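To start, the structure itself, in structure tokens.
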Amino acid sequence: MSQQPPQETDVVVVGAGQAGLSSAYHLRRTGFTPGPGFVVLDHAPGPGGAWQFRWPSLTFDKVHGLHALPGRELTGVDPRRPAAEVVAEYFAAYEESFGLRVRRPVDVRAVREGEGGRLRVESPEGNWSARALINATGTWDRPFWPRYPGQESFRGRQLHTAQYAGPEEFAGLRVVVVGGGASGTQHLMEIAPYAAETTWVTRRPPVFREGPFDQESGRAAVALVEERVREGLPPASVVSVTGLPMTDAVRRARAEGVLDRRPMFARLVPDGVEWADGSRVAADVLLWATGFRAALDHLAPLRLRGPGGGIEMAGTRTAADPRIHLVGYGPSASTIGANRAGRAAVREIRQLLGRDLARAAG
């Protein structure tokens, strides 16, 4: 860690994806200035948040919902372009137009109690002393790998969605895709024309949603996730409670047998997977489309996690510490949710810092 004295600022924003940039926009818009007022720290090499790491075959027209950042619409996009390129360019222009001055690459390793009631944000690139923190680190850095008996014995290749680079590398191979979310279905539909054989495995039967996903459905889904985080439980993703959209491509894949789902296997064997009844499927590759977990290890020194395994939340702030806001966590993990949560977090931080100043003056 840097031995230099920490740089003082009012608010540190950790992460420059949708949630972090939305928060920075609202900080700037309500009078906080870059530097003394706020600083945005991002460990990625360039703009684009987690989107910059998505696989090239994920074109913009395949994206499962992307809401524009506040104050600047995303228009005139060629839907056939890779989403990683589109979003990286959009985020870069957004940072520039609003003067957000994102510092990167900065790898925040720990946030702990500092001096005088401030927070100390530590990284190899420098330390910061802040009166409040907006954490917007998302989930991409914490892919979830389930554990199953025999996993070490499997002689084929295992990879996660985070490592997926496109369908061409699976040509002529027998592929098992594990996971019932949007990534799992997208991977299957892309890989099937190249692979010798595909098998789809999920823990629960997938739910496909017919018709539009309206505001009432969205509010109901978010409410379910909010209830979990209010109780201090690890959040489920908003997408996991909305179901999968029934598109024309999904209908074709189901008719062709690509999306014929099998229940979860019991174990891995050297040449494939095996169910409890002894039936087997041979495989050269296992692709784990099993999602991600919130990247919050750097907050461990603050001891925010409760007995339920999650962080108890009150809106965007942690129930245990009003200085800490989690944006893009739980109910605000969607792009539209991140925008709203950024605004809400800044509103509460302004109130908190205003009260602190009033007490100091008194």
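Bear in mind that the values in this text are calculations on the coordinates, not laboratory data. Because the structure is predicted, anything quoted here is derived from the model rather than measured. Methodologically, a virtual Cβ is constructed for each residue, glycine included, from the backbone with ideal geometry; neighbour enumeration extends over all protein chains shown.
Take the chain and mark each of the GluC sites (Glu not before Pro) that is in a DSSP loop with at most 13 other Cβ atoms within 10 Å; the longest unmarked stretch, sites excluded, is 257-362. Under a 5 Å amide H cut-off, with hydrogens placed 1.01 Å from N, ALA266 pairs with GLU274, TRP275, ALA276 among residues at least 5 apart or on other chains. In sequence order, the stretch 200-210 has phi-based couplings of 10, 10, 9, 5, 10, x, x, 10, 9, 9, 8 Hz under the Karplus curve 6.51 cos²θ - 1.76 cosθ + 1.60, θ = phi - 60°, and Gly or Pro positions carry x.
Could you compute how fast the stretch 130-176 diffuses translationally, taking Rh as the Kirkwood radius over C-alpha pairs and applying Stokes-Einstein at 37 °C with viscosity 0.692 mPa s? Give it in µm² per second. In µm²/s, the coefficient is 229.
Among beta bridges from DSSP that stay inside the chain, the antiparallel ones total about 40%.
Kirkwood hydrodynamic radius (Cα pairs, Å) of the stretch 99-155? With all distinct Cα pairs of the stretch 99-155 included, I get 14.7 Å.
Dipole check for the chain: with +1 at the C-beta of Lys and Arg, -1 at the C-beta of Asp and Glu, and the Cα centre as origin, the magnitude is about 780 Debye. Across all directions, the shadow cast by the convex hull of the stretch 12-70 built on its C-alpha atoms averages 4.6 square nanometres.
Near PHE292, the amide H atoms lying under 5 Å from its own belong to PHE144; only residues 5 or more places off or on other chains count, and H is placed 1.01 Å from N.
Taking the Cα centre of the stretch 1-150 as origin and assigning +1 to Lys and Arg Cβ atoms and -1 to Asp and Glu Cβ atoms, the resulting dipole is close to 260 debye. Positive end of the dipole of the chain, charges at C-beta (+1 Lys, Arg; -1 Asp, Glu), about the Cα centre: which of THR161, THR137, GLY114 has its Cα farthest in that direction? Positive-most Cα among the choices belongs to GLY114.
For the listed peptides 177-185, 299-307, a ranking on the average number of other beta carbons within 10 Å per residue, highest first, reads 177-185, 299-307.
Would you be so kind as to identify which of LEU27, ALA182, GLY354 lies farthest towards the positive end of the dipole of the chain, taking Lys and Arg as +1 and Asp and Glu as -1 on Cβ and the Cα centre as origin? My answer, from the dipole projection, is GLY354.
Note that the stretch 274-279 has calculated 3J(HN,Hα) couplings of 9, 8, 4, 7, x, 6 Hz, one per residue in order, obtained from phi through the Karplus relation 6.51 cos²θ - 1.76 cosθ + 1.60 (θ = phi - 60°); glycine and proline are x.
Dividing the alpha-carbon radius of gyration of the stretch 1-151 by the rule-of-thumb value 2.2 N^0.38 Å gives 1.16.
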